[in-house]
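Report on the following structure.
The values are calculated or read from the model by the stated rules, or taken from the named source; none is laboratory data. Keep in mind it's a predicted model, so treat the numbers as computed, not measured. For neighbour counting, all protein chains shown are included, and Cβ atoms are generated from backbone atoms with ideal geometry for every residue, glycine included. When the accessible area is computed, the model is the full protein with side chains, heavy atoms only, and any ligands, DNA or RNA have been set aside. Shrake-Rupley method; radii C 1.70, N 1.55, O 1.52, S 1.80 Å.
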Amino acid sequence: MEKRVAIIGAGLSGLLACKYTLKKGFNPIIFEAEECIGGIWNHTIASTKLQNTKETYQFSDFPWPDRVKDAHPSHSDIIKYFESYARHFGIYPCIKFNSKVVGIDYIGESPEEMQTWLLWGGTGKPFGSKGKWHIRVQDVKNCNVQVYQVEFVILCIGLYNSHPYIPEFPQNHGPEVFDGKVMHSMEYAEMDDFSAAEFIRKRRITIIGSQKSALDIAAECANANGVEYPCTVIQRTAHWFIPSEKICGINVGFLFLNRFSELMIHKPGDTFLFNLLATVLAPLKWGISKFVEFYLRWKFPLKKYGIIPKCSFFEDISSCLTCLLPDKYYEKVEEGSIVIKKSKTIRFCKEGLIIEGEFKPVVSDIVIFATGYRGDQNLREIFESQFYQDSIRHGGLSNSIIPLYRQVIHPRIPQLAVIGYAESLSTLFATEIRCQWLAHFLDGKFQLPAITEMEKTVSTWENFMRKHTRGSRRACISNTHIWNNDQLCKDMGYNHRRKKGFFADLFLLYGPRDYAGLNAY
């Protein structure tokens, strides 16, 4: 049978999926709605820099060019890096730009028939069934729609686009009563640098949110307007943010992100001895977390402004909620160009916002919601069939947002993979090894287990992630990143211990270069 592969999205995940499927002899086609590659990196604010150091955020076989000296490159440097990668590996000819996928549907197998399958796709193989995916693609310039048929689809549409999350408000307490401008951080990020600078200049801006985008926009507003027009940040939940990747001169990775740190965690499927070791090391895990918290409370005026997080640093980093502070952020807070307020509830009024415990409104010209995205909705709506939408929403598995085996394969949706949904502290690193794993699977190097076995694994992983992310529904694997990669390496038939020597493997940081060459055979 034919083995046509379609990739939806030319962001980071799409580029990697294309590169590795090309390497296995396929001829993939990428549908990209925009005129350029890079995905979310084309829609970031001017001051946004890479959270990771470039050594931990690089392709395993394509290092950063020598001209990039900054340890945390700018978004423009990242786009240029992606473009060089795409040219080097011949990805551009595979891309159809200005091609927006408006719907996909699986034709040839009925939902009733698929419910009887014991193996994924009926055979456990990527091209085993008689069905095909029909992909409706709209030309964004002339609005014409064309239908493509392929045997396998790789969804790389990302978490952070299309469906911004904005809280709901009671009637007469929402944005409709406000005289100013209300927008989501996505709209602000889509402005060019000049337009964004003019938009915020000499405006009283209030930002709702407590994550990286909220802090970045606040810092940008403070730089533009100073204390004359201070920027107000309203947070519901405080989180731990670090000034750099080092704490007291110690790389945070040595404390939380090497193989030894993962021994402190009760991981799914661990043996009795490993579970015992994790219990014995629990006080050390607690102590390391408290050490970092003490340092951050000493370094920053968290108590002064009432923003000491209630959770531990370990919980935040396990939930992928820890990030780097913008340059001189708390200096801007101290000088008054950024004003921090905490409130669990907010409501709009004519002049601005009324927050918990205050009767006087926060007078605003612009309110920006930096409240994240609904990535699960973005993924559900691409399916035309209600059956697949329901599979994504529920999956029959303890209310998982998107139940994915190895964070790639939905047990009940045949001939389709999802790349880039699982979060990590190094997105490129996590995405690349999953694309290597998927390429091996497409090439027939291994088969998937039975559907029930995959669902059991998914459920176990979901319970584990919920436990370590304070009940969050985020698919974050940061605290078991290496252990998770071990499972992928074992599936592909490679040695999962990538360092030379016992102590090096136990204590040194793992990075992209450790997994180079997994698709060489």
How far, in degrees from 0 to 90, does helix 481-492 lean away from the longest principal axis of the Cα atoms of the chain, to the nearest 10? 10
Cα extents of the stretch 98-213 per principal axis, largest first, Å, are 62, 36, 28
Across the stretch 247-258, in residue order, what do the Karplus-derived ³J(HN,Hα) couplings come to in whole Hz, using 6.51 cos²θ - 1.76 cosθ + 1.60 with θ = phi - 60° and x for Gly and Pro? 10, 6, x, 9, 4, 4, x, 6, 8, 10, 10, 10
Cysteines, the chain, no other Cys beta-carbon under 4.7 Å: Cys18, Cys36, Cys94, Cys143, Cys156, Cys248, Cys311, Cys323, Cys349, Cys435, Cys489
Stretch Ser76-Asp270 to full length: gain in nm at 0.36 nm per residue minus the Cα-Cα span? 65.6 nm
Using a cut-off of 23 Å between alpha-carbon atoms, which lysines can reach Lys467, once sequence neighbours fewer than 8 places away in the same chain are excluded? Lys267, Lys285, Lys290, Lys310, Lys456
Burial order of peptide ranges 241-250, 506-515 (average beta-carbon count within 10 Å, highest first): 506-515, 241-250
Going down the list Lys100/Lys344; Lys19/Lys499; Lys181/Lys332; Lys24/Lys246, which pairs span over 32 Å between their C-alpha atoms? Lys100/Lys344; Lys24/Lys246
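Kirkwood hydrodynamic radius for the stretch 300-399: how many Å is it when counted over pairs of different Cα atoms? Display every interim value, and only then the final one.
Values: mean 1/r = 0.0561 Å⁻¹.
Hydrodynamic radius (Kirkwood, Cα only) of the stretch 300-399 equals 17.8 Å.
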Before rounding to the nearest 500, sum -39500 (n - 2.57) across all DSSP H runs of length at least 4 in the chain and divide by the residue total; then give [θ] at 222 nm in deg cm²/dmol. -10000 deg cm²/dmol
Over the chain, how many percent of alpha carbon pairs lie in each 20 Å bin up to the one with the longest distance? 21, 55, 24, 1
Between Phe502 and Thr116, 0.36 nm times their residue separation minus their Cα-Cα distance comes to what? 134.3 nm
Would you please classify the overall shape of the stretch 1-103 from the alpha carbon gyration tensor, given that a ≥ b ≥ c denote the square roots of the eigenvalues, rounded means a/c under 1.5, and beyond that prolate means a/b larger than b/c while oblate covers the rest? oblate
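Which percentage, to the nearest 5, of the DSSP beta bridges contained in the chain is antiparallel?
Numbers: 27 of 59 bridges.
Just about 45 percent of them are antiparallel.
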Residues of the stretch 264-285 with amide N under 20 Å of a point placed 7 Å along Cα→Cβ from Arg466: 266-270
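Given axes a ≥ b ≥ c from the Cα gyration tensor, I'd like to know whether the stretch 403-501 is rounded (a/c under 1.5), prolate (a/b larger than b/c) or oblate. Display every interim value, and only then the final one.
On the way: a/c = 1.59, a/b = 1.08, b/c = 1.48.
Note, shape of the stretch 403-501 comes out oblate.
Within 12 Å, Cβ to Cβ, of Glu455, how many net charges do the neighbouring residues add up to if Lys/Arg are +1 and Asp/Glu are -1? Intermediate results must be reported in sequence, preceding the final value.
Numbers: positive: Arg412, Lys456; negative: Glu453, Glu462.
Around Glu455, the charge tally is 0.
Could you give the accessible area per residue of the stretch 212-271, probe 1.4 Å, as a whole number in Å²? Don't skip to the end; give the middle numbers.
Values: 2140 Å² over 60 residues.
I get 36 Å² per residue for this part.
Rounded, prolate or oblate: which fits the stretch 41-178, taking a ≥ b ≥ c as square roots of the Cα gyration tensor eigenvalues, rounded meaning a/c under 1.5, else prolate when a/b beats b/c?
Numbers: a/c = 1.95, a/b = 1.24, b/c = 1.57.
Oblate is the answer for the stretch 41-178, as a/c is 1.5 or above yet b/c matches or exceeds a/b.
Going by average Cβ neighbours within 10 Å, how do the peptides 270-278, 456-464 rank, with the highest at the top? Walk me through the intermediate numbers first.
Working: 270-278: 12.2, 456-464: 18.4.
Going by the mean number of other Cβ atoms within 10 Å, highest first, we get 456-464, 270-278.
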Which whole-number value in Å² is the accessible area per residue of the stretch 1-90, probe 1.4 Å? 41
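Identify the trypsin sites (Lys or Arg not before Pro) of the stretch 101-172 meeting these criteria: DSSP loop state and at most 14 other C-beta atoms within 10 Å of the C-beta. Let's see the in-between values first.
Numbers: sites: Lys130, Lys132, Arg136, Lys141; in loops: Lys130, Lys141.
Here the sparse-neighbourhood loop sites are Lys130, Lys141.
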Helix axis angle, 75-88 relative to the chain longest principal axis, alpha carbon, degrees: 20
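If packing is taken as the average count of other Cβ atoms within 10 Å, what order do 38-49, 425-436 fall into, highest mean first?
Details: 38-49: 19.2, 425-436: 23.4.
Ranked from most to least packed, the peptides come out as 425-436, 38-49.
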Could you work out how far helix 451-468 tilts from the main Cα principal axis of the chain, as a 0 to 90 degree angle to the nearest 10? 20
The relative contact order of the chain, taking Cα pairs under 8 Å that sit 6 or more residues apart, comes to a percentage of 22
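In Å², and per residue, what accessible area does the stretch 124-170 have when probed at 1.4 Å with the other protein chains present?
Details: 2430 Å² over 47 residues.
I get 52 Å² per residue for the stretch 124-170.
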What is the ratio of the Cα radius of gyration of the stretch 179-245 to 2.2 N^0.38 Å, where N is its residue count, to two decimals? 1.13
Assigned charges on the beta-carbon of Lys, Arg, Asp, Glu; the chain dipole about Cα centre (debye): 1140
